[in-house]
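Can you read through this structure? Questions will come right after.
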Amino acid sequence: MLTKVSTTKAPAAIGPYSQGIIANGFLFASGQIPIVPESGEIAEGDINVQAEQVMKNVSEILKEAGTEFENVVKTTCFLADMADFAAFNSVYEKYFTGKPARSCVAVKTLPKNVLCEVEVIATV
C-alpha cells in the first residue's frame, strides 16, 4: 500500500507528483528546491541560503511522514555548479549527521534556476 505525504509547511508539488510516498516502511521524498512555502518564492541568496531552505523543506516532509533526518538512508543532491560543493556540504552536514549514503552531481539547470535540490529516502 502506498501513502502519499503532503504538508503545507513545504512547497506544493509544481508538477504531476507527490511531495513524498511511503511504501514498505520507507519514505521516498521528491526533490526539494529552495522555495519558501509561505510565499512560493525562491529563497534569495547564495548556496548557503538556498541549501538552508532546502533542508527546512526536507525537514517538514520528514516530519509529516513521521520520521527525521537521523532515519535518512540515502540522499541525492543536485548542484547547479560544482564550485558550490564545499559550501553546500557545510550546510548539509549540519542536518544529515547520520551520514547517509549519498550521490551528488552537478546538472546543467535545476527547476526555476535554483542552485541546489535534495531528495531523500528514509525509514519510517
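State the cysteines of the chain left without a partner when partners are defined as other cysteines whose beta carbon lies under 4.7 Å away.
Cys with no partner Cβ under 4.7 Å: C116.
Note down the net charge around A51, summing +1 for each Lys or Arg and -1 for each Asp or Glu among other residues with Cβ under 13 Å from its Cβ.
My count for the surroundings of A51 gives -4.
For L27, list long-range residues whose amide hydrogen, built 1.01 Å from N in the peptide plane, is under 5 Å from its own amide hydrogen.
The list, which skips near neighbours in sequence, is A122, T123, V124.
With angles folded into 0 to 90 degrees, how steeply does helix 85-95 sit against the dominant principal axis of the chain? Use alpha carbons for both and round to 10.
Here the helix axis deviates by roughly 30 degrees.
Within the chain, what whole-number % of the accessible surface is contributed by carbon and sulfur, with the 1.4 Å probe and all protein chains included in the calculation?
For the chain, the apolar C and S fraction of the accessible surface comes to 54 percent.
Please list the non-local residues whose amide H lies under 5 Å from the amide H of A106, H modeled 1.01 Å from N, same-chain partners needing a gap of 5 or more.
Counting only residues 5 or more places away or on other chains, the set is L79.
Average projected area of the Cα convex hull of segment 62-124, in nm²?
4.4
Kindly provide the pair-distance distribution of the chain built from C-alpha pairs, with 10 Å bins from 0 and whole-percent values in order of increasing distance.
14, 49, 33, 4, 0
Of the peptides 110-120, 52-62, how do they stack up when ordered by the mean number of other Cβ atoms within 10 Å, highest first?
Descending mean neighbour count gives 52-62, 110-120.
Also, I was wondering about something else. Report, in degrees rounded to the nearest 10, the 0 to 90 angle that the Cα long axis of helix 47-64 makes with the longest principal axis of the chain.
0
Then there is this: Would you give the gap between the C-alpha center of segment 47-124 and the C-alpha center of segment 1-44, rounded to a whole Å?
After rounding, the separation between the Cα centres reads 13 Å.
Below 8 Å, C-alpha to C-alpha, sequence gap of six or more: please give me the relative contact order for the chain in percent.
It comes to 32 percent, rounded to a whole number.
The values are calculated or read from the model by the stated rules, or taken from the named source; none is laboratory data. Since the model is a prediction, treat every value here as computed from it, not as a measurement. As a convention, Cβ positions derive from the backbone with ideal geometry for all residues, glycine included, and neighbour counts pool all protein chains shown. Accessible surface areas use protein heavy atoms only, side chains included; no ligands, DNA or RNA. Shrake-Rupley method; radii C 1.70, N 1.55, O 1.52, S 1.80 Å.
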